[in-house]
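Colleague: This structure is in structure tokens; I'll ask about it shortly.
The values are calculated or read from the model by the stated rules, or taken from the named source; none is laboratory data. All values derive from a computational prediction rather than experimental measurement. Here the Cβ positions follow ideal geometry from the backbone for every residue, glycine too, while neighbour counts run over all protein chains shown. The protein model used for the area step is the full one, side chains on, heavy atoms only, and it has no ligands, DNA or RNA in it. Shrake-Rupley method; radii C 1.70, N 1.55, O 1.52, S 1.80 Å.
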Amino acid sequence: MNTKLLTLHSYIKTGTLDTEDLEKIEEAAKVLRKGGLVAFPTETVYGLGGNALYKDASKHIYEAKGRPSDNPLIVHISDLSQMEQIAARIPESARLMAEACWPGPLTMIFPKADCIPRETTGGLDTVAVRFPSHPVAMELIRRAKVPVAAPSANLSGRPSTTTARHCLEDLSGRVDMILDGGSCDIGLESTILDMSGDQPRLLRPGAVTREMIAEILGTVPAEDVALKGPLAPGVKPKAPGMKYRHYAPKAPMVIVTDREGNGKTADTILRLIHEKETEQPETRIAVICTEECQQELLQKGFPVEGHILKTCGSRKNKDSIAHNLFELLREMDEEDAGFIITEGCSEEDLGQAVMNRMKKAAAWQIVTT
Ligand code: TXA
Ligand code: MG
């Protein structure tokens, strides 16, 4: 299959869609209407879209990603009336969340309506619904005139894609079209809140934070087991996708966190480098850390020769850490890193989502300073 790349030049340059961009989005909508697959930008990560009502489109999504078919897809909508069509029961708390956060980086799980095939929901009786705020995603779904099933547009097991270049790397020859709308703002996937049980339950943290949910609903949401630690054998997370070690680069990874606030992150990283060098002198070590830590590492004689040092932004700015994380994890593969050390952050606000993705990438290998 030949994958067509359409670049939305005006949107990338100015943030607004011009006539040419709209024609390209219309072409992509036509592909979706005909049952094909289109990768498109959202405010979180790129999605790999297909018609959510058409079971063969969902099957093709699983094939293109190499994704296990028990891992359900998120259904994207472009107006609230579509939620009523695809969800069989919507509690009042979900309406409050929708009003406060949609369009935006929130996915909610509901009992599914009959129009959603089980191929889309990985065999479950529930459906995940998201109303994205990215102008390209909104325009595409509106023009497709159907809800759009879209997992993240990466090969299964790899970090989610935040640029069209990453989508091409993973999906070239496997999908009909890629819409290039530049790099995704948030850089981490949406928050998933399960609204199908007795109480709201957080299944995956994202840019709609636990603190924001607590403020909107008046109670802190319960949290799925998958957020608390490595899953014991046989324990199933509520979101099937959370059981996979994904977001992961090829090399083993460890997180250094300064839980005590003793400011020893750089020292601990240097100690780990030294230990690794002694143990396996051939290994190319990569460090992903904040600008503050990078400065300290260089002052203290970080052994630049042969190793990699990358920064994800300032410690004060979790948005930029979130925005850069997946791109940096992909670079680790490109640069052939053999061992990766990342600086963790506090788990407040967006930090919970950042640390959740880091822990999964590191298979929960954490060193506390
Ligand atoms: O930001 C996002 O959510 C991106 C963009 C494209 O919208 N999409 C995304 O999709 O991250 P995906 O498929 O990579 O992750 C969806 C997660 C998986 O962990 C899946 O198991 C879970 O949502 N999920 C989907 N439907 C579910 C359901 N009915 N019950 C529980 N978990 C569900
Ligand atoms: Mg994914």
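Colleague: As an exercise: evaluate Thr283 against (1) outside any loop (DSSP other than H, G, I, E, B); (2) in contact (Cβ under 8 Å) with a residue 40 or more places away in the chain and give the number of the one condition it does not meet.
Modeller: Against the list (1) outside any loop (DSSP other than H, G, I, E, B); (2) in contact (Cβ under 8 Å) with a residue 40 or more places away in the chain, Thr283 comes up short only on (1).
Colleague: Here's another thing I want to ask about it. Of the conditions (1) of a type in the set (Ser, Thr, Tyr); (2) open to solvent by 40 Å² or more (accessible area, probe 1.4 Å); (3) touching a residue at least 40 places away in the same chain (Cβ under 8 Å), Thr219 clears all except one; give me its number.
Modeller: (3)
Here's the yes/no breakdown for (1) open to solvent by 40 Å² or more (accessible area, probe 1.4 Å); (2) within 12 Å of ligand 1 (Cβ to nearest atom); (3) in contact with a strand residue (DSSP E or B) (Cβ under 8 Å, 6 or more places away or on another chain):
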position: Ile74; (1), (2), (3): no, yes, yes
position: Ser78; (1), (2), (3): no, no, no
position: Pro105; (1), (2), (3): no, yes, yes
position: Ala113; (1), (2), (3): no, no, yes
position: Thr121; (1), (2), (3): no, yes, yes
position: Glu139; (1), (2), (3): no, no, no
position: Ala149; (1), (2), (3): no, yes, yes
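Colleague: Does Gly181 fit the bill of being touching a residue at least 40 places away in the same chain (Cβ under 8 Å), touching a helix residue (DSSP H, G or I) at 6+ places or on another chain (Cβ under 7 Å) and open to solvent by less than 40 Å² (accessible area, probe 1.4 Å)?
Modeller: yes
Colleague: Of these, Ile186, Ile192, which one is open to solvent by 20 Å² or more (accessible area, probe 1.4 Å) and in contact (Cβ under 8 Å) with a residue 40 or more places away in the chain?
Modeller: Unique residue meeting the criteria: Ile186.
Colleague: A further question on this structure: When the residues of the range 248-289 are narrowed to those that are within 20 Å of Thr368 (Cβ to Cβ) and basic (Lys, Arg), which ends up most open to solvent (accessible area, probe 1.4 Å)?
Modeller: Filtering first and then ranking leaves Arg259.
Colleague: Another question, then. Against the definition (more than 20 Å from Gly49 (Cα to Cα), in contact (Cβ under 8 Å) with a residue 24 or more places away in the chain, away from ligand 2 (no atom under 13 Å from the Cβ) and polar (S, T, N, Q)), how does Thr257 come out, yes or no?
Modeller: yes
Colleague: How about the range 63-84: which of its residues are among the acidic types (Asp, Glu), more than 11 Å from Trp102 (Cβ to Cβ) and touching a Lys or Arg at 6+ places or on another chain (Cβ under 9 Å)?
Modeller: Correct list: Glu63 only.
Colleague: Please report, ordered by residue number, the strands (runs of 3 or more DSSP E) entirely within the range 152-212 with at least 1 residues that are under 28 Å from Thr126 (Cβ atoms).
Modeller: 191-194, 201-204
Colleague: When the range 230-247 is examined, which residues are found to be exposed (fewer than 15 other Cβ atoms within 10 Å of the Cβ) and on the phi > 0 side of the Ramachandran plot?
Modeller: Once the filter is applied, which keeps residues that are exposed (fewer than 15 other Cβ atoms within 10 Å of the Cβ) and on the phi > 0 side of the Ramachandran plot, the range 230-247 yields only Gly234.
Colleague: When you scan the range 38-50, do you find a residue that is within 15 Å of ligand 1 (Cβ to nearest atom) and open to solvent by 40 Å² or more (accessible area, probe 1.4 Å), even just one?
Modeller: no
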